[in-house]
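Only one structure is covered here, and it is reproduced in the block below.
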Ligand SMILES: [Cu+2]
């Protein structure tokens, strides 16, 4: 077994007090490229999430009062874990939290159909369970829960949470398998109507990493439009992890992937691998979307300094016309509000710390 695993596992298990802080503070972790972790299968983890109103009619989830962000905290558990979410609804709207990819009872569904939501001001506990892969006979296996998933409101405004999603109530959920490689940095990218994380260029998130760091992207689609996620100068395998499993793994290697409403995927890259540091673009490759739906993946030099020319590229990005005024950025069909610029995006370097913590 990789002897680096225990310390990493310990860090990931010690989320009880750290989660709230980690959600808002960019965390630079020691390089762990190539490291693995062993799942503490079967743990029950608990987290409190606060749903709050944000300026401009927006909403967000956060790990502490006053710290709601769009997207909400990136939650991370292992196959076999159970996650108990205490959702505090600090708003005057009914809302909920509904996950993709995991197991839950009808009373944790988060849907009005199952009368499973928070009334205004109400606190409610949702329980998400996961499973590991198992053999079901004749050489077939039932898949486990591992994957890059997501969660969102399913009750604000309509029985499907249409308004909640349009206004920012969404986030990423990672379920790992034991032994998965762990990243140095994580970034959640949500294509929601004609926005990225409810922002339009040039106010879209600037994702940052240092040359050679292992960076994990969690990509989520929402709204009413088909999208394609493209990352410049990097590529990944179209597998659960974005990596190949040996010489005989002939999974397609891609740098562009469909990101339709409700779907999600994730992958890891080594920042600037074989291409070097620089200001690399990420964007929706539906051409009519790509002006407002673009952003920068800033790969700094390994020592953290700015690569030559990167600042100029960033300045050009901020200077040119992205056509954002041509669209209703929120995509909310019920009104014509624009995205409130006072709503801050999540920290540029989304910390690797999950929003879940062990429940012992
Ligand atoms: Cu698009």
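All of the numbers you see were taken from the coordinates with simple rules; none came from a lab. This structure is a prediction, so every number in the text was calculated from the model and none was measured. Cβ coordinates were reconstructed from backbone atoms using ideal geometry, including for glycine residues, and neighbour counts include every protein chain displayed.
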When 113, 182 are ordered from fewest to most other Cβ atoms inside 10 Å of their Cβ, what list results?
113, 182
Run the numbers for residue 235 and residue 67: contour at 0.36 nm per residue of separation, minus the present Cα-Cα distance, in nm.
57.1 nm
Exposure proxy check on 153, 105: fewest-to-most Cβ neighbours within 10 Å is 105, 153
Which of 303, 238 has the fewest Cβ neighbours within 10 Å, and the rest in rising order:
303, 238
Mean Cα-pair separation over length for segment 63-175, i.e. relative contact order, pairs under 8 Å, 6 or more apart, %
34 percent
Gap separating the Cα centres of segment 91-161 and segment 187-232, nearest whole Å
23 Å
Can you order the peptides 203-211, 135-143 by their average number of other Cβ atoms within 10 Å per residue, highest first?
203-211, 135-143
Could you work out how much longer the chain between residue 119 and residue 256 gets when fully extended? Use 0.36 nm per residue separation minus the Cα distance between them, nm to one decimal.
45.3 nm
